[in-house]
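What follows is a short report on a single structure.
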Amino acid sequence: MNTIRIWFTKEGDASYISLLDLQRAMARCLKRSGLPVWYTQGFNPHIYMTFTSPLSLGQESLVESVDVKTEEEAPDFEEWKNRLNPVMPGGIRVTRVAPVVHKGEEVAFARYSVWTDQPGGREAAQAYNQADSLPVEKKTKRAVKTVDLKEILPHVQLETEGEKYSFQMLLPAGKELNTNPALVLESWEQAYGFPARNWNILRTGLYTRTMEEFS
Amino acid sequence: MLDGKLKQALAMVQKPGRYTGGEPGSVYKEKEQVDLRFAFCFPDTYEVGMSFLGEKILYELINAHPNWWMERAFMSWLDMKEQMETLGIPLYTLESKDPLTQFDIVGFTLQYEMSFTNILAMLDLAGIPFYAKDRGEEWPLIIAGGPCVCNGEPVAPFFDVMQLGEGEDQLQSICAQVEQAKKEGISKEELLLRLVKIPGVYIPAFYDVEYQEDGRIQTIRPNRPGVPAVVTKAILKDMNAYKPPVNFVVPLIGAIHDRAQVEVLRGCVRGCRFCQAGFIYRPMRQRDAEGLDRAARDLCANTGYEEVSLTSLSTSDHSQLEELLDRMNTWVEKEHVNIALPSLRVDNFSESLIEKTTRVRKSGLTFAPEAGTQRLRDVINKNVTWEEIERTCTIAFKAGYTSVKLYFMMGLPTETLEDIEGIADTAHKIVDLFYQVKDKPKGKGSVQVTISCACFVPKPHTPFQFCPQDTKEMLEEKQAHLRAAVRSRKVKVNCHFSDISFLEAVVAKGDRRLAPVLVEAYRNGCYFDGWDECFHYDTWLEAFKKWGIDPAFYAYRTIGLEEITPWSHMDYGVTHDFLVREYQKALEGKTTRPCNKACSGCGANQLLGGPCFEYHQDLVH
Ligand code: SF4
């Protein structure tokens, strides 16, 4: 039995598919592809699937992945990719099918690119970078606690291209410490009055604890 | 593409996936390269609309023409409607996200009366004037199809074209004419005069309706030469000539019925006298097992669905059902597919049928005796006897079923309190039966019987169209009587009566004078009327009052046998004489045999140009 990782993008229309819906949709897409994926045994067999580090609704990503199993001894990854792409929903594009290197739990950081066409965002980012601290309320599974955002995210990296600008943010990811980029933008709204709406949030990379690219 | 405003709206609403499209199976074309653009509008939520087979049929048929493009639009839920109004986003289709005003044809499906105000809401969100007479040449052609067209008179003033009957051929002919009209640049009037020649096409503006002083209709007359006095529905003579769709748009966020569906037959042989579908889809026509099996398999492969349902008004009346299940059982397990039979009937539910659907979850069994006593079941021609219920339940209990759901109607013609007691008795007898059946599987020690009661709504084109609806007081009394008659804790009663049934009866039998009432009600906040939380009865009553219309006139009045009804000019193949005959037989408690056993001469065979059935042995159960 081989476990293989399917890498895909989740953009545009597809950014509004919740994790639960994505699981069902992905199962149907895999079924449509006719690829030899492994079904769980038992009374109600279903396709074995594990998703890594789910995204919030409305956010986009270039680096989503799902693990499936197959009894194929030497899967032809290029063939898998070519058969999956035509059956995917709009906004989901399979970029790579590859053997599993890291376990899903090893995801520790995620990089996001964030941009807007509203004026004032640049100033908010600059204010944030200069601030000593920015306390925010962060919900965990058990309680709401106050943390200093600056400790989690010391600064954001501004990139300008003419009138347009975007920020890069590297945030903790994974089960325990996950920080949603929306939380950062909401804190800017509270602290600097910059509206948190109308941002585009795109996840561009996933990393392990040692900042190795997750793969 | 998603523009900024739309993104902003989507960030604010529940279930944004209702409004984005991009599902597997959805069709995208280059809009510059198509000659005709069609927006198919379902006047309810995405999840409801995406369950509807008719749209899937037409979506595949129309989009098979390379130069036509059909897209989908649904009614936005309250939160999205508010966002769209605030941000100025006009109603758009999910595929191109273009506003409805950019389309050549905007087509609505009329599935149930309580969705009529949603049509207005959708037109309003799109910025399209409601009344056909207020729309000049620059507006899309606004059309409607679906079962409620059989008395679409309350909404007729809003539509340029209405379609009676089955849309497969008809809609393609309409599209071809519109494409041609665009090329020639002819006027809308001229186009409508061409469309009226297509079977089943009804142009409301081409008919004048006059009323008597007491409110009844005096005459309904065409006002142009060449327009037929009576419109006859369109029909597919041979179902095998039309393959069921083998591609569905597969919703990403789910739907009410989120599974593959194969339509095994159309129409129904039973002739239950309350059932509109049973009359307007006559005669019953079925598809061959071989083709159905192939279509089911292709559809499952193309969609990835894990369940396929064999749909129709009465699937167990398919003469080759067992053969079909045998064929399907050769591949369903390997392909990880379950079979669902949604409309099993009490009277031909057999052990082998249960075996053949072992891949269906075995827990709930549903029956619709509709009435509590044999007398009343004879009145409504629901040919179900206690012996049959007993036999079926025995088989089912032995097979491991432990819950039975029974559907009844209250307020049926000639109904008495004795019939109401019969509902409770039926449930009690099923509970007793469960404990009498000896060889049940282990661990299935307890039974649950649920009685579900709906309120009878008399419908046009049925033998009960002449009947008044029970008043609210009568229904409340019957309901209390039923609750008092239930003695067992194994029996649960669900009665949902509401003012909605009354309004449904009014609109179902309504005429064109209701159009301004609908507009008024919508303007004052009525839409999604079928959703309890959105139903504002008082607002409706005010709207009737404002237009000087007494709703009771439509719901509570007995219609004379010779009276001209608002739907008199619509011919669904079943003759008026037959409806009268059936009505009189009903009052005498006499039943009529199903079409596959004996023809009772309803007239619908005229649509086929020959007999509906060859009365061979294999068609008779
Ligand atoms: S013509 Fe006879 S067989 Fe055909 S639908 Fe009518 S009653 Fe049934």
Item to check | Chains B and A together, accessible area buried on both sides, 1.4 angstrom probe, square angstrom | outcome: 2100 Å²
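Considering the convex hull of the alpha carbon atoms of the stretch A:2-100, report its projected area averaged over all viewing directions, in nm², one decimal.
5.9 nm²
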Checklist outcome for this item: Out of B:Ala427, B:Val457, A:Ser113 - ranked by how far each Cα lies towards the positive end of the dipole of the protein assembly as shown, with unit charges on the beta-carbon of charged residues - the top one is B:Ala427
Next on the checklist: I want to verify a result. In a Gaussian network model of chain A, Cα cutoff 10 Å, which of these has the top mean-square fluctuation: A:Leu20, A:Leu134, A:Leu185?
Outcome noted: A:Leu20
Next on the checklist: Give me a comma-separated list of calculated 3J(HN,Hα) values for the stretch A:169-186, in order, Karplus coefficients 6.51, -1.76, 1.60 applied at θ = phi - 60°, integers in Hz, x for any Gly or Pro.
Outcome noted: 10, 10, 10, x, 10, x, 4, 7, 9, 2, 10, 7, x, 5, 5, 4, 5, 5
Next on the checklist: Taking every pair of distinct Cα atoms and averaging 1/r, then inverting, what Kirkwood hydrodynamic radius in Å comes out for the stretch B:195-326?
Outcome noted: 18.0 Å
Checklist outcome for this item: Across B:9-20, the residue-averaged tally of Cβ atoms belonging to other chains within 10 Å stands at 4
Checklist outcome for this item: Within the stretch B:1-137, the percent of DSSP beta bridges that are antiparallel, given to the nearest 5, stands at 10 percent
Checklist entry - Of B:His496, B:His569, which has the most accessible area and how do the rest follow, probe 1.4 Å? => result B:His496, B:His569
Item to check | Accessible surface of B:Trp547 - all protein chains present, 1.4 Å probe, nearest 10 Å² | outcome: 120 Å²
Item to check | Listed residues B:Trp139, B:Phe553, B:His336: farthest to the positive end of the dipole of the protein assembly as shown (Cβ charges) | outcome: B:His336
Checklist outcome for this item: Expressed in square angstrom to the nearest 10, the accessible area of A:Asp117 with a 1.4 Å probe stands at 140 Å²
Checklist entry - Counting only protein chains, not ligands or nucleic acids, how are B:Glu504, B:Glu95 ordered by accessible area (probe 1.4 Å), most first? => result B:Glu504, B:Glu95
Checklist outcome for this item: Long-range amide H partners of A:Ile17, meaning residues 5 or more apart or on another chain whose placed amide H is closer than 5 Å, are A:Gly58
Checklist entry - Which shape class applies to the stretch A:106-207: rounded if a/c is under 1.5, otherwise prolate when a/b exceeds b/c and oblate if not, where a ≥ b ≥ c are the square roots of the Cα gyration tensor eigenvalues? => result oblate
Item to check | Within the accessible area of the stretch B:506-613 (1.4 Å probe), percent carbon and sulfur | outcome: 51 percent
Next on the checklist: I'd like the distance between the alpha-carbon centres of the stretch B:425-501 and the stretch B:244-319, rounded to an integer number of Å.
Outcome noted: 28 Å
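Of all DSSP beta bridges in the stretch B:4-232, what percent run antiparallel (nearest 5)? Intermediate results must be reported in sequence, preceding the final value.
Working: 8 of 26 bridges.
Close to 30 percent.
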Checklist entry - Where is the GNM fluctuation largest for chain A (alpha-carbon springs, 10 angstrom cutoff): A:Val144, A:Val156, A:Val114? => result A:Val144
Checklist entry - How many angstrom lie between the C-alpha centres of the stretch B:570-609 and the stretch B:365-407? => result 25 Å
Checklist outcome for this item: When every protein chain stays in place and a 1.4 Å probe is rolled, B:Glu153, B:Glu388 sorted by accessible area with the largest first are B:Glu388, B:Glu153
Item to check | Angle between chain B longest axis and helix B:53-63 axis [Cα atoms, degrees, rounded to 10] | outcome: 40 degrees
Item to check | Portion, in percent, of the accessible area of the stretch B:4-232 that falls on carbon or sulfur, probe 1.4 Å | outcome: 52 percent
Checklist entry - Between the stretch B:131-163 and the stretch B:1-70, what's the alpha-carbon centroid distance in Å? => result 21 Å
Item to check | Around A:Ile201: net Lys/Arg minus Asp/Glu count, Cβ-Cβ under 13 Å | outcome: +2
Checklist outcome for this item: Too long for a 32 Å Cα-Cα cut-off, among B:Lys15/B:Lys233; B:Lys334/B:Lys429; B:Lys233/B:Lys597; A:Lys81/B:Lys182, are B:Lys15/B:Lys233; B:Lys334/B:Lys429; A:Lys81/B:Lys182
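Return an integer: the convex hull volume of the alpha-carbon atoms of the stretch B:128-169, in Å³ per residue.
So the per-residue hull volume is 73 Å³.
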Item to check | List of the stretch B:300-336 residues, accessible area with partners at least 50 Å² below that of the chain alone (1.4 Å probe) | outcome: B:Gly304, B:His336
Checklist entry - What percentage of the solvent-accessible surface of the stretch A:2-100, computed with a 1.4 Å probe over protein heavy atoms, is contributed by carbon and sulfur atoms? => result 51 percent
Checklist entry - Under the Kirkwood approximation for Rh and a Cα-based Rg, what ratio Rg/Rh is obtained for the protein assembly as shown? => result 0.99
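The values are calculated or read from the model by the stated rules, or taken from the named source; none is laboratory data. None of these values were measured; they are calculated from a predicted model. Note that each Cβ is placed from the backbone with ideal geometry, even for glycine, and that neighbours are counted across all protein chains shown. What goes into the accessible areas is simple: the full protein's heavy atoms, side chains included, and nothing from ligands, DNA or RNA. Shrake-Rupley method; radii C 1.70, N 1.55, O 1.52, S 1.80 Å.
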